[in-house]
Each structure stands twice: as structure tokens, then as C-alpha cells.
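One structure is given below, encoded as C-alpha cells.
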Amino acid sequence: RAIEANTQALRLDPGSGAAKARRILSFVYLRDCTTALQLVEQITTVSRQNRAEALRCAGRIDEAVQEIGPDYYPALMAALLARKGQFDAARKQIDQGSPKARNSDELSHVAYALMGDTRQAVTWLKKASLEGLPCYPLLERDPDLDSLRKDPEFIAFMERLNAQQERFRATL
């Protein structure tokens, strides 16, 4: 539905940078990395963040690291470094970031999950949910969260998130 709504938004305003960015992220969230990368190549005004997200989705971590740079988006960099197994550097990125950098929108939960720090990952996922990222399909599909799948607290969190999603669907 998000892609359909985004397509409509782009029909109404073909130059909308926000709609183009959301379209890329919609495909990243669906794990359709090929389409996300194709869109990145087609759109000349793509932010470094969206480009790095598409590259991360496709497993092109070194390119994503180069795209984002160390100072631009600390928690995304932390997630990329954690994916590369550079856990000390990932923690340093999170610690050096602003308090917002530990926020859900910034992927700290992914970095913690990749580092095997289940407690921190689930804590930040819960915070993400409360701050506007209660995205069950995204979290259900994200392979970077696989280390959390058997954790009872994560399972309970996902069950609550799924129930919330079903309530939202019932009201639409």
C-alpha cells in the first residue's frame, strides 16, 4: 500500500524529493534491494542516507560506508561497521553521536543486534516503536535482526507490534 500511495504522490508531484526518498525506502523495507538501487541510480537528488540504505540492503557495505562517511549519520555508520564485524568502531560511532543518534530512526537497534547485544537492541526497538517506527513488516523482514528472533523479549515485542498493526488495519 505504501508503494501505491507513493506512486500516487509522485503522479501528483513528480518533482517531490520526499516522495522519491520514501519510494526508495519502501523498496528497502520490502527487501527489494535491486529496485531500490535502480531508483537510486535514476534519481539525481538522492540523499547520501537513502543511497547508503539501498547499498546496505544489497549487502554492498563498503560502498555504503564510503557513501555515508563517519560524521554524517552515526548510527547508520554504526550499523554498517557492525555488519562488517567492527564492533568497537560501531560502539564508538553510537557513543560519539548525539542523543538523537541513539534514536530508532538512526538504526542503533540494528547495530546492537549485529553486535549481539540483545538487551540494547530490544530496548532501542521498543523506543523506536514509541517514537513512530512501529513497523512490524520492516522488523519482521530485516535480516540484520535475525540474532534477536529467538529472544523471548523480542518475540513478545513483535507479538504486541503485530497485534497493534492488526488493530490499525481493522480501523482503516
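Tabulated results
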{"quantity": "Residue in segment 87-105 that is closer than 17 Å to Cys135 by Cβ, open to solvent by less than 30 Å² (accessible area, probe 1.4 Å), at pLDDT below 80 and of a type in the set (Asp, Glu) present", "calculated": "no"}
{"quantity": "Elements of type helices (runs of 4 or more DSSP H) contained in segment 1-90, each with 3 or more residues being more than 15 Å from the chain's Cα centre (by Cα)", "calculated": "2-12, 17-29, 33-42, 61-68"}
{"quantity": "Residue in segment 151-169 that is open to solvent by 70 Å² or more (accessible area, probe 1.4 Å), among the charged types (D, E, K, R) and outside any helix (DSSP H, G or I) present", "calculated": "no"}
{"quantity": "Top-ranked residue of segment 127-150 - restricted to ones that are among the charged types (D, E, K, R) and at pLDDT 90 or above, ranked as most open to solvent (accessible area, probe 1.4 Å)", "calculated": "Lys150"}
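The values are calculated or read from the model by the stated rules, or taken from the named source; none is laboratory data. Bear in mind the structure is a predicted one, so any value in this text is a computation, not a measurement. Here the Cβ is made from the backbone with ideal geometry for all residues, glycine too, and neighbour counts use every protein chain on show. Note: accessible area is taken over every heavy atom of the protein model, side chains too, but ligands, DNA and RNA are not part of it. Shrake-Rupley method; radii C 1.70, N 1.55, O 1.52, S 1.80 Å.
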